[in-house]
Amino acid sequence: MKLFEEHGFHPRTDLGQNFLIDLNLIDYVVDHADLSSDDVVLEIGAGTGSMTAQLALGAAAVVSVEVDANMHGLARAAIAPFENVTLLHCDALKNKNHFSPTVLEAIQRALDADPKRRLKLVANLPYSIATPVVSNLVATDLPWARMILTIQYELGLRMGAKPRSSHYGSLSVWLQSQCHVKLLRKLGPTVFWPRPQVNSAIMQITPHKSAAAKIVDREFFHDYVRRLFHQRRKLLRSVLVGMYRKQVSKPEIDELLAAAGLEDTVRAEEMSVQAHVALANRLHAAIHGTVNV
């Protein structure tokens, strides 16, 4: 807060700026990143650069992104002693479904420096972009190994939600189909400045490679999940008939559901992650004439 007063800056609510001010929690986040000399860290929301500097001490390289010009200036001063930090002044996302090419290029340059390098996302994510950032990283082919994130608590519940719960949705299925999701710690508003009106959580997300290998076509599956859960409470059969009316007939949908052991009265929100993967694979095979795995 003192740093802001000295520069005459004010947090921007339009960017969802809530700064983690508990130094012990910043240490906690960095410790759980488990950094090594093989790690490239992506940080989105550099803020004042205090966590960026800590990440630079343990990682091979840090790519930190800050969209706010004032914060970018503060962060640039904080990371001046470190030659392994690339600080970008841009939006991390090109749109809700894609990272900015500038960010992807910086990450790839850092990874290309050594074939052993892997990517970790460590960030106090602005609430408004947390879902697309996490979802899009999982969708890439980047060699990511871990995410340690401070996000809105309710979003953390959605990430780890189980079928038939109010938080279970497309994000739950997409992440759990390919990742281990763990809520490390719940945070109250007092550890941030300005104080948000909601609780937050520190989340750990790691790859679940054996589960991901069961998905025949990840792009197809991602599309299936997003579209299906737009109508999560409708009967699955009617939603699928509408989604794939140009590719699959109603009798074929009925055959697919029967082959998957699903009743025609089931809803998407009632199905397990594994059931969604299996059904999406069957649909993919029906549409593209491929063999299921």
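The values are calculated or read from the model by the stated rules, or taken from the named source; none is laboratory data. The structure presented is a predicted model; accordingly, all values stated were derived computationally and were not measured. When we count neighbours, we look across all protein chains shown, and the Cβ atoms used for this are built from the backbone with ideal geometry, even at glycine.
Please enumerate the residues belonging to the stretch 238-270 that are touching a residue at least 24 places away in the same chain (Cβ under 8 Å) and over 17 Å from Asp223 (Cα atoms). Even if it seems obvious, please write down each step before you answer.
Going through the stretch 238-270, the residues touching a residue at least 24 places away in the same chain (Cβ under 8 Å) turn out to be 239-240, 244, 247-248, 252, 256, 262, 264-270.
Across the stretch 238-270, the qualifying residues are Glu252, Leu256, Leu262, Asp264, Thr265, Val266, Arg267, Glu270.
Select from the stretch 222-237 the residues that are hydrophobic (A, V, I, L, M, F, W, C) and either in contact with a strand residue (DSSP E or B) (Cβ under 8 Å, 6 or more places away or on another chain) or touching a residue at least 60 places away in the same chain (Cβ under 8 Å) (or both) and list them in ascending order.
Taking the stretch 222-237 and keeping what is hydrophobic (A, V, I, L, M, F, W, C), we get 225, 228-229, 235-236.
Within the stretch 222-237, Phe229, Leu235, Leu236 qualify.
Please state which one of Val239, Val181, Val216 is under 23 Å from His32 (Cβ atoms) and either of a type in the set (S, T, N, Q) or at pLDDT 95 or above (or both).
On the way: Val239 fails: under 23 Å from His32 (Cβ atoms); Val216 fails: under 23 Å from His32 (Cβ atoms).
The conditions single out Val181.
May I ask you to list the residues in the stretch 16-63 that are among the aliphatic types (A, V, I, L, M), buried (at least 24 other Cβ atoms within 10 Å of the Cβ) and in a loop (DSSP other than H, G, I, E, B)?
Passing the criteria: Ala46, Ala59.
Select from the stretch 232-251 the residues that are surrounded by fewer than 16 Cβ atoms within 10 Å (Cβ to Cβ), touching a helix residue (DSSP H, G or I) at 6+ places or on another chain (Cβ under 6 Å) and farther than 30 Å from Asp141 by Cβ and list them in ascending order.
Initial filter on the stretch 232-251 (surrounded by fewer than 16 Cβ atoms within 10 Å (Cβ to Cβ)): 232-235, 238, 242, 245-247, 249-251.
Pick out the ones that are also touching a helix residue (DSSP H, G or I) at 6+ places or on another chain (Cβ under 6 Å) and you get 232, 247, 250.
Selection gives Lys250 alone.
If you check Ala78, Ala110, which single one turns out to be in the same structural domain as Leu137 (by TED's automatic domain parsing), out of contact with any Gly (no Cβ under 8 Å at 6 or more places or on another chain) and under 20 Å from Gln54 (Cβ atoms)?
Working: Ala78 fails: out of contact with any Gly (no Cβ under 8 Å at 6 or more places or on another chain).
Just a single option satisfies the conditions, and that option is Ala110.
Regarding the stretch 191-214, can at least one residue be identified that is in a helix (DSSP H, G or I) and under 15 Å from the mean Cα position of the chain (by Cα)?
Of the stretch 191-214, the ones in a helix (DSSP H, G or I) are 191, 209-212.
Imposing the further condition that a residue be under 15 Å from the mean Cα position of the chain (by Cα) reduces the set to none.
So far as the stretch 191-214 goes, no, none of its residues is in a helix (DSSP H, G or I) and under 15 Å from the mean Cα position of the chain (by Cα).
Identify the residue in the stretch 85-134 that is closer than 17 Å to Ser200 by Cα and outside any helix (DSSP H, G or I) and, among all such residues, is modelled with the lowest pLDDT.
Pro126
Go through the stretch 140-190 and count every residue that is in contact with a strand residue (DSSP E or B) (Cβ under 6 Å, 6 or more places away or on another chain) and either in a helix (DSSP H, G or I) or basic (Lys, Arg) (or both).
Of the residues in the stretch 140-190, 8 are in contact with a strand residue (DSSP E or B) (Cβ under 6 Å, 6 or more places away or on another chain) and either in a helix (DSSP H, G or I) or basic (Lys, Arg) (or both).
Among Arg118, Arg109, Arg146, which is the only one that is within 15 Å of the chain's Cα centre (by Cα) and of a type in the set (Lys, Arg)? Outline the logic, then answer.
Working: Arg118 fails: within 15 Å of the chain's Cα centre (by Cα); Arg109 fails: within 15 Å of the chain's Cα centre (by Cα).
Unique residue meeting the criteria: Arg146.
Going by the structure shown, is His89 under 21 Å from the mean Cα position of the chain (by Cα) and under 17 Å from Thr102 (Cβ atoms)?
Details: under 21 Å from the mean Cα position of the chain (by Cα): yes; under 17 Å from Thr102 (Cβ atoms): yes.
For His89, the condition - under 21 Å from the mean Cα position of the chain (by Cα) and under 17 Å from Thr102 (Cβ atoms) - is met.
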